[in-house]
Amino acid sequence: KYTNVFGEELFILPCIAGTYAIGAINKDCRLRNMSLAVLQSFVYAEVASAGLKVLTCRTRPSDSNIQHPTSDIQNWQGPFATFESTSFPSGHAMRSFAVATTVAGFYPEKNWVGIVSYSMAALCSAGRVVSEEHWTSDVIVGAALGYFIGRGVVKFNNKIGNISSVDIQAVAT
């Protein structure tokens, strides 16, 4: 219950705002760019997690009949079956690994940044399994997707150079 915070929206978003503010005050362009890239990673992870949750509708371990491990323990209900079965993938793991990968990617020369970032993400992910909020596979897939989202955002931002703002638009066709 103590490590879930590293994957919570109400923890991540203020941290993004705080690091951006510190970067703006200190005129640290890389810190500001890293904050905006973390926001990008966060949004992509949030959308991917929500989309996969409604497409799979997997029951959480705490909601399953664990006494009979052979009787539908994984309980995949299928697309749009219910909005209450939201185990797969772990959103906390996906968000925390997307953020950790983005932060570590902006400071590759500082090994301690990666160690601290990935340690926090790993603690958050392990906590989700220990508290029986997720199956191990939920956390592994969420962490892997978060990692690849973070890597993609870092590569994209390195390719385009410095960014000064983030513009999120909804497009309907």
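Quick notes on this structure:
- Model label sites at LEU55 and ALA17, defined 7 Å from Cα along the beta-carbon direction, differ in position by 3.2 nm.
- Sorted peptide list for 135-142, 107-114, 42-49, 152-159, criterion being average Cβ within 10 angstrom, highest first: 135-142, 42-49, 152-159, 107-114
- Residue ranges 87-98, 5-16 sort as 87-98, 5-16 when ordered by packing (mean number of other C-beta atoms within 10 Å per residue, highest first).
- Extension gain for the segment LYS159 to SER62, taken as residue separation times 0.36 nm less the Cα-Cα distance, is 30.6 nm to one decimal.
- Rounded FRET efficiency, nearest 0.05, which uses the C-beta distance separating ALA172 from ILE25 and R0 of 30 Å: 0.20
Any read-out appearing in this document is the output of simple, stated calculations on the displayed coordinates, not a laboratory observation. None of these values were measured; they are calculated from a predicted model. With ideal geometry, Cβ positions are generated from the backbone for all residues, glycine too; neighbour counts draw on all protein chains shown.
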